[in-house]
Amino acid sequence: PIIYAITPTYARLVQKAELVRISQTFLHVKNFHWIVVEDSPVKTQLVSELLAQSGLRFTHLHTETPKEHKRKESDPNWLKPRGVEQRNLALQWLRENRELSEEGVVYFADDDNTYSLRLFDEVGAVRFGGKEWGSAEIRSTKRVSVWPVGLVGGLRFERPLVEKGRVVGFYTAWKPNRPFPMDMAGFAIALQLLLANREARFDLLAERGYLESSLLQSLVSIEELEPRADNCTKVLVWHTRSEKPKMKQEELLQKQGLGSDPSIEV
Ligand code: UGA
Ligand code: MN
């Protein structure tokens, strides 16, 4: 099966650095298709060129989050869900451009997380020191597969709890009563399941923390979840978040007409 990674992205100082970082991880993944959806009224030159030069198979889409749903600079970061319309557009693209007969797996890969190659299936015995665990983590997804996510929910990690190979609950502290108390980075969905359920999508109005549940609820039950990463005992993805760079000197220099050369892309 081919892995489709869906990445919403938006313009900010660290955007290029984030996209370079994850694109170079994805370059190591075989049979991979990157769907990048810009939160923007147009496809930007920065992202267009980055994708063209990435060496990856990709699809480049864009849709701007409606103003009333967009988080303002001053809003706390939990106020509104992010990347929702972008992920939904990617789902629509898959439904319009892929056949039910195609074997694929869909993963929502935010641009700021950190992904181990072991999450996919590139376990290469040589590269990883000969230990043969965890092959085909995401790629073998039948319906919905799940695994731990590091550095999320105010914990070292969140994870599904597994007994006798089945998910029986979740280790999480924040809003544990959510139907699927998991971060976006902690699950993958079979393409066929998404194509067969054409109405399944993320809810733009989902309450904080309920975005993941809004999609998963219409696709699976907890008992059907397929545990990965050694029965959910290994952390293979981290919910890292980049610090917003301080531009104090840049602003001071700009006031003196000495700001950095705007033709140099960062
Ligand atoms: C957490 C989850 O990990 C996200 O999957 C979830 O979408 C988000 O909460 C949420 O509550 O909506 P967090 O690190 O807080 O993530 O969110 P970001 O990484 O800032 O944004 C998630 C994705 O949406 C990123 O790929 C980001 O580039 C994109 N995004 C963010 C936009 O496309 N537009 C925006 O205005 C902001
Ligand atoms: Mn993030």
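The values are calculated or read from the model by the stated rules, or taken from the named source; none is laboratory data. Because the structure is a prediction, the values reported are computed rather than measured. All Cβ positions, even for glycine, are placed from backbone atoms using ideal geometry, and neighbour counts span all protein chains on display.
Report the residue count in the stretch 1-39 for those that are among the small types (Gly, Ala, Ser) and under 13 Å from the mean Cα position of the chain (by Cα). Count: 2. Looking across the stretch 200-237, the residues that are more than 18 Å from Phe120 (Cβ to Cβ) and of a type in the set (A, V, I, L, M, F, W, C) come down to Ala200, Phe202, Leu204, Leu205, Ala206, Leu211, Leu215, Leu216, Leu219, Val220, Ile222, Leu225. Would you confirm whether or not the stretch 247-258 contains a residue that is touching a helix residue (DSSP H, G or I) at 6+ places or on another chain (Cβ under 9 Å) and either within 16 Å of ligand 1 (Cβ to nearest atom) or in a strand (DSSP E or B) (or both)? The answer is no; no qualifying residue exists. Considering every residue within the stretch 68-90, establish whether at least one is away from ligand 2 (no atom under 16 Å from the Cβ), modelled with pLDDT under 95 and outside any loop (DSSP other than H, G, I, E, B). Yes, some residue in the stretch 68-90 is away from ligand 2 (no atom under 16 Å from the Cβ), modelled with pLDDT under 95 and outside any loop (DSSP other than H, G, I, E, B). Restricting attention to the stretch 137-181, the residues being more than 23 Å from Gln92 (Cβ to Cβ) and either aromatic (Phe, Trp, Tyr) or crowded, with 16+ Cβ neighbours inside 10 Å (or both) number 22. Count of the stretch 100-120 residues, restricted to those that are away from ligand 1 (no atom under 14 Å from the Cβ), in contact with a Leu (Cβ under 8 Å, 6 or more places away or on another chain), not aliphatic (A, V, I, L, M) and not in a helix (DSSP H, G or I), is 4. Tell me, yes or no, whether the stretch 232-239 has at least one residue that is polar (S, T, N, Q) and within 30 Å of Lys70 (Cβ to Cβ). No, the stretch 232-239 contains no residue that is polar (S, T, N, Q) and within 30 Å of Lys70 (Cβ to Cβ). Within the option set Val47, Val29, Val20, being away from ligand 2 (no atom under 16 Å from the Cβ) and in contact with a Ser or Thr (Cβ under 8 Å, 6 or more places away or on another chain) holds for one residue only, Val47. Within the stretch 3-58, the set of residues being under 20 Å from Trp238 (Cβ atoms), touching a Phe, Trp or Tyr at 6+ places or on another chain (Cβ under 7 Å) and part of a loop (DSSP other than H, G, I, E, B) comprises just one member, Val29. The criterion of at least 2 residues that are of a type in the set (Val, Ile, Thr) and under 21 Å from Thr25 (Cβ atoms) is met by the following strands (runs of 3 or more DSSP E) wholly inside the stretch 145-238: 149-152.
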